[in-house]
1. Match the structure shown to one of the listed values [x] 8.5; [y] 7.9; [z] 12.9 of mean projected area of the Cα convex hull in nm², computed from it, and give that label.
2. Could you line up 6, 79, 28 from fewest to most neighbouring Cβ atoms inside 10 Å?
3. Run the helix sum for the chain: -39,500 (n - 2.57) per DSSP H stretch of 4+ residues, divided by residue count, reported at 222 nm to the nearest 500 deg cm²/dmol.
4. What relative contact order, as a whole-number percentage, does the chain give when Cα pairs under 8 Å and 6 or more residues apart are counted?
5. Just need the relative contact order of segment 36-76 here, percent rounded to a whole number, with Cα pairs under 8 Å and 6+ apart.
6. How would 78, 45 line up from fewest to most surrounding beta-carbon atoms within 10 angstrom?
7. Cross-link list 57/98; 102/131; 57/102: which exceed 26 angstrom alpha carbon to alpha carbon?
8. Sort 38, 72 by Cβ crowding within 10 Å, fewest neighbours at the top.
Amino acid sequence: MNYFNLEIVTPTRIIDEGEVSYVRCPGLDGSFGVMKNHREGIIALGVGEIKVDRNGKEEWMATSGGFVEITHEKVQMLLESIEKSEEIDTNRAEDALKRAKKRKSKIDVNMDDARMDASLMRAINRLKVAKR
C-alpha cells in the first residue's frame with residue numbers, strides 16, 4: 001500500500017495519526033482528497049468533516065477550519081479545532097445547535113450574520129460527524 005504520515009496540530013494539542021492511505025478534507029472550494037505522491041501545496045480548509053483511511057478502516061473528525069500543508073514527506077493540518085467522532089458530546093452539540101437556531105431566528109444585535117451562520121454550521125457539522 002501507499003502510505004503517508006498525517007499530523008494534526010491545533011492550539012491545544014498535536015495528533016500524530018501515523019501512516020494513512022487517504023485523507024478527505026473540507027476545502028473552501030469543496031472537498032478534496034489526498035493520497036501518497038499528491039502534488040505539494042497549502043490549501044485553506046473550512047468547517048466540515050475530515051475522513052481518514054488507515055488499514056481499511058475509516059475515521060471521521062469534525063473541524064472548524066484551518067490549513068493543510070501537503071509535502072512529499074507528510075500531510076500536516078493546522079486547524080482551529082478538531083474532534084474525533086467518538087469525542088463529540090452530542091448533548092452539548094445539540095444544545096449549541098438550538099442556541100444557534102434561536103439566535104438566527106431573532107435579531108441579535110450582539111452578533112453579526114456571519115458569526116451566527118458559522119456557529120450554526122459548526123453545530124450541524126459536529127452532529128453529522130458524531131453519527132459516523
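Values in this text are rule-based calculations from the coordinates and carry no lab data. From a predicted model like this one, the values you see are computed outputs, not experimental measurements. Neighbour counts are summed over all protein chains in view; Cβ atoms, including those assigned to glycine, are modelled from backbone coordinates with ideal geometry.
1. Label [x] holds the value from this structure.
2. So the residues, fewest neighbours to most, are 28, 79, 6.
3. Counting only the DSSP helices, I get -8500 deg cm²/dmol.
4. Working: 269 pairs, mean separation 28.7, N = 132.
That works out to 22 percent.
5. 47 percent
6. If I rank by nearby Cβ atoms, fewest first, I get 78, 45.
7. 57/98; 57/102
8. Ascending Cβ contact count within 10 Å gives the list 72, 38.
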